[in-house]
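Trainee: Got a structure here, written out as structure tokens. Questions coming.
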Amino acid sequence: MAGMDHGREARPTPRTTAEVVDGVGPRLRTLRQRRDVTLAALATETGISVSTLSRLESGQRKPTLELLLPLARAYQVPLDDLVGAPRTGDPRVHLQPEVHGGRVVVPLTRRTGGVRSFKQLFPPNSPGGEPDLRTHEGYEWLYVLSGRLRLLLGERDLDLGPGEVVEFDTHTPHWIGNVTDEVTEVLCLYGPQGERAHVRARPVR
């Protein structure tokens, strides 16, 4: 009966592969224009010719993985964002923990460049041995969620507890470790080549 459907929320219909592919060009053009990037500048950064980029945005050139990967890196977005891949219906975020030097590192962002965020778990008394201060490119921001963290930064020896924050240029010799008998949880923001996280203490008027 026709009247039975009144007031019922319409369900979105799944997009076909052709519709997804056809939407890539306009999505790329919009993304480039929002970033205020010219085709020439994008061609220089990605190694893709201006004519190919123009045809890709206009839909005259079908997107391929070889074209989309350098564009995803240039725009610092996941590949799924470029193609507008349909959602699977699962709202959960599937994090992939990694182990580095005994620490469990959980990436919280999918982007491959810019400021990235991680959750790190330091096992008790790790890393072992004498502290080895090192330097590398970048800028780091650490927030202790639980436990205690020891930070050797140049000539300074800092003991950080829950709720304490530290930020530093990673060109400064440093060492980070857990010298307690409990697991320490830390939230970390890392920016390459000295890129800092911008924290505002009060609203801008």
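The values are calculated or read from the model by the stated rules, or taken from the named source; none is laboratory data. The structure displayed is predicted, hence computed values, not measured ones. Quick reminder, even Gly has a Cβ in these numbers, built from the backbone with ideal geometry, and neighbours come from all protein chains shown. These accessible areas exclude ligands, DNA and RNA; they are computed on the full protein's heavy atoms, side chains included. Shrake-Rupley method; radii C 1.70, N 1.55, O 1.52, S 1.80 Å.
Residues are listed down the side, and each one gets a yes or a no for (1) open to solvent by 60 Å² or more (accessible area, probe 1.4 Å); (2) within 30 Å of residue 186 (Cα to Cα); (3) at pLDDT 80 or above:
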residue: 27; (1), (2), (3): yes, no, yes
residue: 45; (1), (2), (3): yes, no, yes
residue: 54; (1), (2), (3): no, no, yes
residue: 71; (1), (2), (3): no, no, yes
residue: 77; (1), (2), (3): no, yes, no
residue: 83; (1), (2), (3): no, no, no
residue: 89; (1), (2), (3): yes, no, no
residue: 94; (1), (2), (3): yes, yes, no
residue: 101; (1), (2), (3): yes, yes, no
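Trainee: Hey, another quick one. If you check residue 137 against the conditions, is it within 23 Å of the chain's Cα centre (by Cα), under 30 Å from residue 70 (Cα atoms) and surrounded by fewer than 17 Cβ atoms within 10 Å (Cβ to Cβ)? Show your work before the answer.
Mentor: Values: within 23 Å of the chain's Cα centre (by Cα): yes; under 30 Å from residue 70 (Cα atoms): yes; surrounded by fewer than 17 Cβ atoms within 10 Å (Cβ to Cβ): yes.
Considered against the rule, which asks whether it is within 23 Å of the chain's Cα centre (by Cα), under 30 Å from residue 70 (Cα atoms) and surrounded by fewer than 17 Cβ atoms within 10 Å (Cβ to Cβ), residue 137 comes out as yes.
Trainee: Output the residues belonging to region 103-147 that are closer than 21 Å to residue 72 by Cβ, among the charged types (D, E, K, R) and either out of contact with any Phe, Trp or Tyr (no Cβ under 9 Å at 6 or more places or on another chain) or modelled with pLDDT of 90 or more (or both).
Mentor: Scanning region 103-147 gives 110, 111.
Trainee: Got at least one residue in region 150-167 being touching a Gly at 6+ places or on another chain (Cβ under 9 Å), in contact (Cβ under 8 Å) with a residue 40 or more places away in the chain and assigned to a strand (DSSP E or B)? Even if it seems obvious, please write down each step before you answer.
Mentor: We begin by selecting, within region 150-167, every residue touching a Gly at 6+ places or on another chain (Cβ under 9 Å); these are 150-152, 161-162.
Within this subset, residues satisfying the condition of being in contact (Cβ under 8 Å) with a residue 40 or more places away in the chain are none.
No, region 150-167 contains no residue that is touching a Gly at 6+ places or on another chain (Cβ under 9 Å), in contact (Cβ under 8 Å) with a residue 40 or more places away in the chain and assigned to a strand (DSSP E or B).
Trainee: State yes or no: is residue 58 modelled with pLDDT of 85 or more, exposed (fewer than 14 other Cβ atoms within 10 Å of the Cβ), more than 25 Å from residue 115 (Cβ to Cβ) and not basic (Lys, Arg)? Steps first, answer last, please.
Mentor: Working: modelled with pLDDT of 85 or more: yes; exposed (fewer than 14 other Cβ atoms within 10 Å of the Cβ): yes; more than 25 Å from residue 115 (Cβ to Cβ): yes; not basic (Lys, Arg): yes.
Answer is yes for this residue.
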